[in-house]
Amino acid sequence: MSVLSKEKRNELSPREALEILKEGNKRFIKNIKMNRDLLEQVNETAEGQYPFATILSCMDSRTTAELIFDQGLGDIFSIRIAGNIINDDILGSMEYACQVVESKLIVVMGHTNCGAVKGACDAFELGHLTPLLTKIRPAIYKEQSVAENRNSSNKTFVENVSALNVKNSMEAIMTRSIVLNNLIQQKKVGLVGAIYDVATASVKFIEDSYGF
């Protein structure tokens, strides 16, 4: 399969871009890869790129977006950082992806059994990791359903915090970037959240979404 041309990418709606990712995850779960010539894709993308989606995910070694969604070279922008948190550099990267290159979709993807979320739940401290984990703590404060064992030993608590952390990152995109907010409000770009299950390989998309 060849990469999307600029014209074909531009014809996509945010909803259609999301469906491409959903279908790709279905293939991944079934261990069915789309037939691609990666070296051919290297040649096709040498002079330019037209990714249809921008995915912010955790740096966890099990959460490579291109594999999870069965995408090839030039198909998606992949932004990875522990805990899929938002900072100014990530917002700038997303603004470039969506305003300049015209990516149609932003996905904020957390995952189950996340080490960064566990570290935040335990108030873990280590060098530059400490301020990164503090960006996850608002999700801990928002989690009100678990009264006891609010730490990494409680799987339910950790997964609840992971989902809330995804939603917080989505809200940060909407409130901190005028560029992205405008594109989403105009429905030129969609914004969705998701959780990847590291045990089943399935991606569950969160109901809250923008730009559709």
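Points to keep in mind about this one:
- Hits in region 173-196 (condition: of a type in the set (A, V, I, L, M, F, W, C) and open to solvent by 20 Å² or more (accessible area, probe 1.4 Å)): MET174, ILE178, VAL179, ILE195
- Of everything listed in (1) among the aliphatic types (A, V, I, L, M); (2) free of Cβ contacts under 8 Å to residues at least 12 places away in the same chain; (3) in contact with a strand residue (DSSP E or B) (Cβ under 8 Å, 6 or more places away or on another chain), the single unmet condition for ALA123 is (3).
- Among the candidates LYS155, LYS167, residue that is over 23 Å from GLY92 (Cα atoms), basic (Lys, Arg) and out of contact with any Pro (no Cβ under 7 Å at 6 or more places or on another chain): LYS155
- Test: residue in region 90-110 that is within 22 Å of LEU21 (Cα to Cα), free of Cβ contacts under 8 Å to residues at least 12 places away in the same chain and under 18 Å from the mean Cα position of the chain (by Cα): yes
- Residue list for region 62-81, restricted to those being in a helix (DSSP H, G or I) and surrounded by fewer than 19 Cβ atoms within 10 Å (Cβ to Cβ): GLU66, LEU67
- Where a residue in region 4-20 is farther than 15 Å from VAL101 by Cβ and in a loop (DSSP other than H, G, I, E, B) and its partner, wherever it lies, is open to solvent by 50 Å² or more (accessible area, probe 1.4 Å) and among the basic types (Lys, Arg), with Cβ under 9 Å and at least six apart: SER13/LYS187
- You will find that of ALA147, ALA199, ALA139, the residue that is touching a residue at least 24 places away in the same chain (Cβ under 8 Å) and either of a type in the set (D, E, K, R) or open to solvent by 10 Å² or more (accessible area, probe 1.4 Å) (or both) is ALA199 and no other.
- Some residue of region 29-40 being modelled with pLDDT of 95 or more and of a type in the set (Val, Ile, Thr): yes
- Any hit, region 108-116, residues being surrounded by fewer than 24 Cβ atoms within 10 Å (Cβ to Cβ) and either assigned to a helix (DSSP H, G or I) or charged (D, E, K, R) (or both): yes
The values are calculated or read from the model by the stated rules, or taken from the named source; none is laboratory data. All values reported here derive from a predicted model rather than from experimental measurement. Cβ coordinates were reconstructed from backbone atoms using ideal geometry, including for glycine residues, and neighbour counts include every protein chain displayed. Keep in mind that these areas ignore ligands, DNA and RNA; they rest on the heavy atoms of the full protein, side chains included. Shrake-Rupley method; radii C 1.70, N 1.55, O 1.52, S 1.80 Å.
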